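The values are calculated or read from the model by the stated rules, or taken from the named source; none is laboratory data. Keep in mind that what you see is a predicted model, and the values were worked out from it rather than measured. Here Cβ is always computed from backbone atoms with ideal geometry, including for glycine, and neighbour counts include all displayed protein chains. Surface accessibility is based on the protein's heavy atoms, side chains included, excluding ligands, DNA and RNA. Shrake-Rupley method; radii C 1.70, N 1.55, O 1.52, S 1.80 Å.
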Amino acid sequence: MGMSLLFGVVTASALVLGAFAGVRFELPKRVLAMVLSFAAGALITALTFELFEDAYERGGAWRAGIGLFVGAVVFTALSALLDRWAQAGSKPVPADEYRGSPKLDTDAAAEGHAPSAASTRGTAGLALLAAATLDGVPENLALGVSLGEGTGGLALLAAIFVSNLPEALVGAASMRSQGMSTAAIIRLWGVCSVVLILAVVLGAGPLSGSSPETISLPLAFAAGAVIAALADTIMPEAFEHGGPAVALSTAAGFVASFLLSLA
């Protein structure tokens with residue numbers, strides 16, 4: 001239990017660190033894109049070898065496949081609702097001019113760029129906070145299960161950390177653009193981090209003692225949520241602002257996470 005608590009604190013600390021950076025600093029937009037794409041590569045390794053493979057081995061192809069699609073559908077639907085919330089009051093964007101997720105406003109955290117209307121209204125940052133929580137709970141449950149069964153989890157730990165960092169950074173920058181105080185921003189992301197720590201502890205405790213078939217479902221669900229987040233938000237946003245160069249940082253994230261999975 002002590003190890004699960006430690007891992008939970010490490011993954012959740014990225015939210016607080018990212019939030020602090022978001023209210024204090026502005027980064028070149030290309031750097032933000034590289035960080036997002038590195039996180040995408042790390043998550044690809046984690047969902048393949050630490051989430052879906054485990055789900056398949058425990059519950060079989062049908063159970064793992066259904067769990068994955070359910071996770072992808074749930075996250076996609078919730079993400080669309082949060083995007084609509086972030087964009088409320090703005091002129092609808094035509095389908096052929098779609099430019100990534102409104103809730104992930106990298107302009108708010110970038111040098112020389114004005115934040116979007118969604119950020120200045122305060123909705124983008126709060127929507128991204130909600131998305132980070134919804135995405136993070138199944139990921140951290142899966143991390144806790146891996147720890148509870150002594151199967152490692154280093155690659156998943158690293159992937160969650162590097163994906164939490166830019167989400168919190170951009171979300172906190174959006175909140176800052178709306179005029180929210182530094183203390184309030186850190187407090188909100190701190191509450192989110194506590195929820196994710198509890199998810200790790202729950203996964204390592206009661207959930208890890210369940211049958212393999214039962215455990216396969218949250219693992220597969222988490223894998224589906226990660227795939228949806230990659231396709232819906234992280235990779236489109238990274239490519240939009242980093243161009244073809246993000247392919248290299250995505251590959252670097254994949255290799256780094258893969259090497260950790262072998263440890």
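Between [x] 58, 52, 47; [y] 54, 41, 36; [z] 50, 39, 32, which entry matches Cα extents along the principal axes in Å as derived from the coordinates of this structure?
[z]
When the accessible area of region 111-197 is split by element with a 1.4 Å probe, what percent falls to carbon and sulfur?
On the way: 1860 of 2760 Å².
Its accessible area is 67 percent carbon and sulfur atoms.
For region 3-90, what % of the accessible area comes from carbon and sulfur atoms, probe 1.4 Å?
74
Across region 196-212, in residue order, what do the Karplus-derived ³J(HN,Hα) couplings come to in whole Hz, using 6.51 cos²θ - 1.76 cosθ + 1.60 with θ = phi - 60° and x for Gly and Pro?
6, 5, 4, 5, 5, 5, 5, x, 7, x, x, 6, 5, x, 6, 5, x
Would you pull out the residues with amide H under 5 Å of GLY205's amide H, same chain only if 5 or more places away, H placed 1.01 Å from N?
Here nothing satisfies the definition.
Scan the chain and hand back the longest stretch that contains none of the chymotrypsin sites (Phe, Trp or Tyr not before Pro) lying in DSSP loops with at most 13 other Cβ atoms within 10 Å.
It runs 99-263.
How many Å² of accessible area per residue for region 140-263, probe 1.4 Å?
Heavy-atom SASA per residue in region 140-263 reads 37 Å².
Tell me the relative contact order for the chain as a rounded percent, counting alpha carbon contacts under 8 Å between residues six or more apart.
Once normalised by length, the contact order is 44 percent.
³J(HN,Hα) across region 214-222 via Karplus (A = 6.51, B = -1.76, C = 1.60, θ = phi - 60°), whole Hz, x for Gly/Pro?
Along region 214-222, the couplings run 5, 5, 4, 5, x, 5, 5, 4, 4 Hz.
Report the Rg/Rh value for region 1-93, based on alpha-carbon coordinates and the Kirkwood definition of Rh.
Using only Cα positions, Rg/Rh for region 1-93 is 1.05.
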